[in-house]
Amino acid sequence: MKDIAFGMFDWVDRGTGQMADLYAERLSLIEAAEAAGFSGYHMAEHHGTPLGMAPSPAVFLAAVAQRTRTLRFGPLAFLLPLHDPLRLAEEVCMLDQLSGGRLELGISRGVSPHELACFGVDAGETREMFDEALQIFRTAMTGKRLDFKGRHYEYADVPLEIEPQQRPYPPLWYPTHNPESVAYAARHGYHFASLGPVAHVRQLTDHYRAVWAAHRNDPDRINGHVDAPKLAAMRQIFIAETDEEAMAIAKPAYAHWYESITALWHRRGDHSVDQLFDWDMGLAGETVLVGSPEKIREQVVRLVREGGVNYVIGSFAWGSLTNAQSLRSLELFAREVMPACRALQ
C-alpha cells in the first residue's frame, strides 16, 4: 500500500441557510481541508435542482483558487454536452493560470437526463457530443488555431491566444461505476473516481489496473501525460464523538440531502434513482459513513486495504449539516482517520 491521499467532494447543495452564507461557509471549509492535509477539492456540476448551488463550477473555483495555495481542485465533473467546448477551454486555461497550475479537470457526459433536458440536450446524443467536445478541447489546449467541423460543433480559423499553465493540459478525471466506462478511463490513463461498496470498488480498480497496464505505452492516450493515475472512491462522511451522536445528527441531514438529489427526478415523475440513495442501503454498503472516529477509521482503512484505491474522497458538507458540524467532522477525520490510512503505506 502506498501513496494514499485524500480529497474532498462537494455538491454545494442548498442546505437551510442563505446562499451567500453557503458560499462563504463552503470556502472556509475548503481552507480548513487544505490546512488539514487534504490534497484535492472536487465539486459537482448540477442544474435545475437544489443539489447544485454552483451550476457554474468555474465561477466558484475561481474563488477557490484565490483562497488556497497548495490544494489542487476542479470539477468532478464538467458536463461536456452542456458547454460550448471552445468557451470551456478558455475558462479552463484561466483557472489553471489563476491557480498556478493546480487545476484537476473532471469530464463527463452527464448522468441525469432531466438536467440535460433543461438545456434541450437529448441524453441519447451525449456520447457523440462528448467525443467531439473532447477533441475540440484538446486542440484548443495545445494548438494555435482551431478548425473543426462535426455533427454538433463547428469552428473555422479561431485564433487560440490563451493556454493552460500545465502542459499539454490539466490532468483529466473520469467518474464512473460502469465497467465499460472504467475500461475507457484506464485505456486513456484518466484519474478515476468510483462509487459503491468496497467489493464493487475492488472489482473496478482491479479492472482499471489490468486495462491500464495493457495500454500504458499506447501513444494516443488522452491522459497519457499522467504517470501514476489516482484510483479513488467517494464516501459521504459524518463523524461525531460517539456513534449515537453522529447518527442523531446525520440521519435528518441526509433526509434533507435526499430531497435535494432526487428533487428534479421526482418533479419529472421519475423514481428510478430512489434506491440508489437509500439511507439504510448507504449505511449497509458503507458508502455513507456515520459514527465515531473509531468506527469511521475502521471503515476507511477497510476501503483502502480491500478496495484497491490510492485516493479517498470524502464529502463532509451535505443536507442540513451546519458549517460547524461539517468543520468538526472534517477535523476529526483528519486527526483520527487519515494518519491510520497513511500508516498502511
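Brief remarks follow.
- If you run the Gaussian network model on the chain, springs between alpha carbon atoms under 10 Å, then out of Asn178, Asn310, Asn323 the most flexible one is Asn178.
- Exposure proxy ranking, count of Cβ atoms within 10 Å, fewest first, for Phe130, Phe137, Phe73: Phe130, Phe137, Phe73
- When the trypsin sites (Lys or Arg not before Pro) in the range 1-42 are filtered for DSSP coil states and for at most 14 other beta-carbon atoms within 10 Å of their beta-carbon, the remaining sites are Lys2.
- For Ala5, residues with placed amide H under 5 Å, excluding near neighbours: Tyr311, Val312
- Size of charge dipole - the range 168-323 - debye, nearest 20, with Cβ of Lys, Arg +1 and Asp, Glu -1, no other charges: 520
- Antiparallel %, DSSP beta bridges [both residues in the chain], to 5: 10
- Paramagnetic reach from Val111 in the range 179-199 [backbone N under 20 Å; point 7 Å along Cα→Cβ]: 179-187, 190-199
- Backbone HN-Hα couplings from phi across the range 276-292 [Karplus 6.51/-1.76/1.60, Hz, Gly and Pro as x]: 4, 10, 5, 4, 5, 5, x, 5, 5, x, 6, 8, 10, 10, 10, x, 6
- Ranked Met338, Met247, Met234, criterion: other C-beta atoms within 10 Å, fewest first: Met247, Met338, Met234
- Residue order for Val111, Val290, fewest other beta carbons within 10 angstrom first, comes to Val111, Val290.
- When the trypsin sites (Lys or Arg not before Pro) in the range 38-98 are filtered for DSSP coil states and for at most 14 other beta-carbon atoms within 10 Å of their beta-carbon, the remaining sites are Arg69.
- If only the Cβ of Lys and Arg carry +1 and only the Cβ of Asp and Glu carry -1, the dipole of the range 77-171 around its Cα centre is close to 240 debye.
- Dipole of the chain, positive direction: furthest Cα of Leu327, Pro170, Phe277, with charges on the beta-carbon: Pro170
- From phi via Karplus (6.51, -1.76, 1.60), per-residue ³J(HN,Hα) for the range 145-161 in Hz, x at Gly/Pro: 8, 10, 10, 7, 9, x, 6, 10, 9, 8, 9, 9, 6, 8, x, 10, 9
- Where labels lie 7 Å past Cα in the beta-carbon direction, separation of Ala20 and Met247 in nm: 4.1
- FRET efficiency for Val59 and Cys118, using Cβ-Cβ distance with R0 set to 22 Å, rounded to 0.05: 0.75
- 19 Å reach of a label modelled at Thr322, 7 Å along Cα-to-Cβ, counting backbone N of the range 8-33: 13-30, 32
- Modelled spin labels at Gln165 and Leu27, positioned 7 Å past Cα toward Cβ, are 1.9 nm from each other.
No lab work stands behind these numbers, since they all come straight from the coordinates. Computed from a predicted structure; not experimentally measured. No Cβ is skipped: glycine too gets one built from the backbone with ideal geometry, and neighbour counts run over all protein chains shown.
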